[in-house]
């Protein structure tokens with residue numbers, strides 16, 4: 001049996017709650033905010049979250065990578081940059097999980113240094129508060145986790161496996177070994 005971290009229903013409840021809060025907090029902005037989805041892990045979360053945001057927003061995508069298997073390499077690569085003009089606009093970064101904070105710190109600095117946003121806010125499905133190596137503020141968190149377990153599901157993956165399932169779980173070593181076998185085929 002899988003060690004469930006968040007069920008499909010809990011995820012949808014979180015998306016409704018956060019969507020309502022974000023809508024209220026950003027309702028008075030002169031320019032519609034930009035929701036910036038961090039590819040690939042945050043796609044499911046961003047889509048479900050934005051369905052619950054009731055104010056006009058723009059959407060764009062950015063892709064960075066620092067993971068290999070279950071570990072962060074610490075080497076951040078910008079794979080796909082945003083294409084939207086965000087000058088003087090509030091940017092809401094949607095991320096699947098914030099753990100060390102190194103990638104998010106990089107991303108926030110990248111946006112301020114190159115695009116002059118009015119403000120950058122961070123919304124994460126999961127905030128692993130005890131895993132921080134960089135000081136990053138998470139403005140909206142779906143669930144705060146005190147353990148630094150590796151998570152799979154709902155966009156989170158192990159070498160691309162199980163992004164498509166509608167819940168989040170902690171994989172066993174046997175499940176990881178199974179994915180490694182599948183990867184060889």
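Looking across region 120-155, the residues that are crowded, with 19+ Cβ neighbours inside 10 Å and farther than 30 Å from residue 32 by Cβ come down to 128, 145, 151, 152, 153. For the criterion of being modelled with pLDDT of 95 or more and assigned to a loop (DSSP other than H, G, I, E, B), residue 10 fails. Residue-level check: of (1) under 23 Å from residue 135 (Cα atoms); (2) surrounded by fewer than 18 Cβ atoms within 10 Å (Cβ to Cβ), residue 59 misses just (1). As for region 63-86, it holds no residue that is under 21 Å from residue 154 (Cβ atoms) and modelled with pLDDT of 95 or more. Please verify whether region 33-49 includes one or more residues that are over 30 Å from residue 174 (Cα atoms) and part of a loop (DSSP other than H, G, I, E, B). Scanning region 33-49 turns up at least one residue that is over 30 Å from residue 174 (Cα atoms) and part of a loop (DSSP other than H, G, I, E, B).
Counting only strands (runs of 3 or more DSSP E) wholly contained in region 67-185, the ones carrying 1 or more residues that are in contact with a helix residue (DSSP H, G or I) (Cβ under 6 Å, 6 or more places away or on another chain) occupy 71-80, 90-98, 119-128, 140-145. For residue 54, the criteria (1) without any contact (Cβ under 8 Å) to a residue 12 or more places away in the chain; (2) exposed (fewer than 14 other Cβ atoms within 10 Å of the Cβ); (3) not in a strand (DSSP E or B) hold in every case but one, which is (1). Of all residue pairs spaced 6 or more apart or on separate chains, those with beta-carbon atoms under 6 Å, a first member in region 162-185 that is at positive phi and a second member that is buried (at least 17 other Cβ atoms within 10 Å of the Cβ) and outside any loop (DSSP other than H, G, I, E, B) are 162/152; 162/153.
How many of the residues in region 18-29 are surrounded by 14 or more Cβ atoms within 10 Å (Cβ to Cβ) and free of Cβ contacts under 8 Å to residues at least 40 places away in the same chain? The qualifying residues number 3. Evaluation of residue 88 against the conditions (1) at positive phi; (2) surrounded by 13 or more Cβ atoms within 10 Å (Cβ to Cβ) shows that the sole unmet condition is (2).
The values are calculated or read from the model by the stated rules, or taken from the named source; none is laboratory data. Remember, predicted model here, so these are calculated numbers, not experimental data. Reconstructed Cβ throughout: ideal geometry from the backbone, glycine too, with neighbour counts over all protein chains shown.
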